[in-house]
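Comments concern the structure below.
The values are calculated or read from the model by the stated rules, or taken from the named source; none is laboratory data. None of these values were measured; they are calculated from a predicted model. Positions of Cβ are backbone-derived with ideal geometry, glycine not excepted, and every protein chain shown enters the neighbour counts.
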Amino acid sequence: MMLDAAEVKVPKASSADIQPILTVRKGILDMKKTLLAAAFALSLGFSAAANALPTVKIIATGGTIAGAAASATDTTGYDAAAVGIQTLINAVPQMKDFAEVSGEQIAKISSNNMDTPTLLKLAKRVNELVADPKVDGVVITHGTDTIEETAYFLNLTVKSDKPVVLVGAMRPSTAISADGPMNLLEAVQTAASPKMKGQGVTIVMNDQISAARETTKGNTTNVATFSAPEMGYLGYVVNNEPVLYRATTRRHTFQSEFDISKLDTLPRVDIVYSHIDQDEKVVEAVLKLGAKGIVSAGTGNGSVSDRAEAVLEKANKSGTPVVLSAHVPAGGVVKSHAQYVNAGFVFAGNLNPQKARLLLQLALTKTNDPKEIQRIFSEY
């Protein structure tokens, strides 16, 4: 028997019956919204991470780059270290296009007054900064008189492959055509670049990128004062980024065996300068002052007068190591004179006297054996 359609009664759903279905639908919609929001936020996060600028810390120590003179035409006779770090940063706002930059003042001196306590303080602070995973590179503003020494010391004591760049200026910040602002910008660009990872400590000035070990100051006033006479520059800063042409092969930074984390001083090492009429008296004087090592800034291939040699040999065999360097601007001190080899002197290679002094100081924190010190000079 067929039922008439009119006779079929469909029960009317109550609000109580519909509510669970609506609740489920609302839950699904809310979940979709949450997932979409999460995906959008995640994409923004990835985008922000991709566009995030490197973090570069600037440590200020003073020097001509922070100098101020009475007149814009004065390029000598100025007050070094007169300008603070924040003023230096504010003067080059373009840096913030290349890195997240912040600064701190660790010293405010002319670099001819750099000393061991400040050097150790600086090295320890740099090691703290590069150990921070949020920091990508470090820039140090420094006077040019001793910048090559500080750079080399950091090259031997910084325990990281992150870029550490020293920068200075030959004209005070108040001078017409001051070179400091551009130097500082290029130093930040270099420290922010992944290309500089593992390159050791560098000096960036006048568009040039130089290795700490090979760089030396060659002119008293010219802005193009720094060069690497024989090895050449590592590269240049071109169109806002470093362009490298070579790398240093000597041990440095993260490869170094030296640890200054617990040191508050370094062994005394003096430099004795060779010249016409050189006698033994200066050597005797530095020994009386408590020298634990001596660097001889010799003539030619590290040669010294016979009178000075006799005292140097005696000192070397009595536990005060002697390193032969030279005040000739190019070439290395190599084993050539049989009497110097027999005396047990250490040969500095192509390290100039002031850098040989720093390496000997660090070597003496580990040993005073001339053979072991020679090994160190051959590797660094």
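Worth a mention:
- Residues in region 177-197 that are in a loop (DSSP other than H, G, I, E, B) and either modelled with pLDDT under 95 or within 15 Å of the chain's Cα centre (by Cα) (or both): SER177, ALA192, SER193, LYS197.
- Candidates in region 224-262 are the residues that are among the polar types (S, T, N, Q) and not in a loop (DSSP other than H, G, I, E, B); of these, the one that is nearest to LEU185 (Cα to Cα) is SER227.
- Residue count for region 67-98 under the criterion of being among the hydrophobic types (A, V, I, L, M, F, W, C) and under 17 Å from VAL167 (Cβ atoms): the result is 10.
- Criterion: assigned to a loop (DSSP other than H, G, I, E, B) and of a type in the set (Lys, Arg) - qualifying residue of LYS371, LYS314, LYS366: LYS366
- Across region 198-219, the qualifying residues are those that are assigned to a loop (DSSP other than H, G, I, E, B) and of a type in the set (S, T, N, Q), and the one among them that is nearest to ILE147 (Cα to Cα) is THR215.
- If you go through region 79-113 and keep only what is β-branched (Val, Ile, Thr) and within 21 Å of GLU128 (Cα to Cα), you end up with ILE85, VAL101, ILE106.
- Scanning region 112-150 for residues that are among the hydroxyl-bearing types (Ser, Thr, Tyr) and either over 17 Å from VAL165 (Cβ atoms) or not in a helix (DSSP H, G or I) (or both) yields THR116, THR118, THR141, THR144, THR146.
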